[in-house]
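Structure first, then comments.
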């Protein structure tokens, strides 16, 4: 379903999430390999590629990726613009380092930092207001899936973002990451992943024709071996990649699959 007034199509993305890994030395080798390969393969129709790294590495990303076709950003952002919020980082601060993208609501943030869906929506809104693209992460636990609550869980996580997705669809990406598949080696089958992506897109279509074109990515133990089949599904627009994004050869193979 396309927006009659804008007629824009969904973008394909491959986004690396380094989580709390790597080092300056390892980053340099990884980024140089990605930049070299990307310079050779970028062109019309190429997937958008991005890296989301820990805050201390933003200067290195700016120095290495600034001016290239590879976007970069952070793994979290504050819902506040400024103030007495020790340890938090605002969207404007990320923008000063050239960041254009930020993850919000990753399942590890929801689990370890008790982030609610309302807080995730506030962070996403702060990112959009500062000109960043939030990647809104959603996904169910194994218990929720086995209880038949997977769709209800994802719908509940998306609900607080409804107004933002309706008003700023071109500035938002969604990543579906079943919690039971993150870092476990387990992956949703292509059919399972496609079914949830189709459900998410149906929820977006209820908001507006434009919202139906929001890119929806799959994450959860995506590897070079399974990426092509996953990405060939009609409602999957690429991937949010964890461990494989730390290995240049694997990450580039996934980019190629997209």
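Read through the list (1) under 17 Å from residue 12 (Cβ atoms); (2) more than 14 Å from the chain's Cα centre (by Cα); (3) at pLDDT below 95, then give the number of the only condition that residue 189 fails.
That leaves (1) as the condition not met.
Of all residues in the range 62-86 being part of a loop (DSSP other than H, G, I, E, B), modelled with pLDDT of 95 or more and within 19 Å of the chain's Cα centre (by Cα), which is farthest from residue 242 (Cα to Cα)?
79
Taking the range 27-61 as the search range and keeping residues that are at pLDDT 95 or above and outside any helix (DSSP H, G or I), which one is surrounded by the most Cβ atoms within 10 Å (Cβ to Cβ)?
For the range 27-61, the residue satisfying everything is 49.
How many residues does the range 232-258 hold that are surrounded by 24 or more Cβ atoms within 10 Å (Cβ to Cβ), out of contact with any helix residue (DSSP H, G or I) (no Cβ under 6 Å at 6 or more places or on another chain) and assigned to a helix (DSSP H, G or I)?
Final tally of qualifying residues: 1.
Does the range 156-177 contain at least one residue that is within 20 Å of residue 115 (Cβ to Cβ), without any contact (Cβ under 8 Å) to a residue 24 or more places away in the chain and more than 16 Å from the chain's Cα centre (by Cα)?
Yes, the range 156-177 contains at least one residue that is within 20 Å of residue 115 (Cβ to Cβ), without any contact (Cβ under 8 Å) to a residue 24 or more places away in the chain and more than 16 Å from the chain's Cα centre (by Cα).
Give just the number: which of (1) more than 17 Å from residue 64 (Cα to Cα); (2) at pLDDT below 95 does residue 13 not satisfy?
Going through the list (1) more than 17 Å from residue 64 (Cα to Cα); (2) at pLDDT below 95, residue 13 breaks only (2).
Residue 178 - would you say it is closer than 20 Å to residue 91 by Cα, surrounded by 18 or more Cβ atoms within 10 Å (Cβ to Cβ) and touching a helix residue (DSSP H, G or I) at 6+ places or on another chain (Cβ under 9 Å)?
No.
Please enumerate the residues belonging to the range 140-151 that are in a helix (DSSP H, G or I) and either in contact (Cβ under 8 Å) with a residue 40 or more places away in the chain or touching a helix residue (DSSP H, G or I) at 6+ places or on another chain (Cβ under 8 Å) (or both).
142, 144, 145, 150, 151
Between a first residue in the range 95-112 that is at negative phi and surrounded by 18 or more Cβ atoms within 10 Å (Cβ to Cβ) and a second residue that is modelled with pLDDT under 95 and not in a loop (DSSP other than H, G, I, E, B), which pairs have beta carbons less than 7 Å apart while being 6 or more apart in sequence or on different chains?
Note: pairs meeting the criteria are 107/179.
Looking at 175, 209, 188, which one is part of a loop (DSSP other than H, G, I, E, B) and under 15 Å from residue 150 (Cα atoms)?
188
The values are calculated or read from the model by the stated rules, or taken from the named source; none is laboratory data. A quick note: this is a predicted structure, and the numbers were derived from the prediction, not measured. Cβ sites come from the backbone with ideal geometry, for glycine too, and all protein chains shown count toward neighbours.
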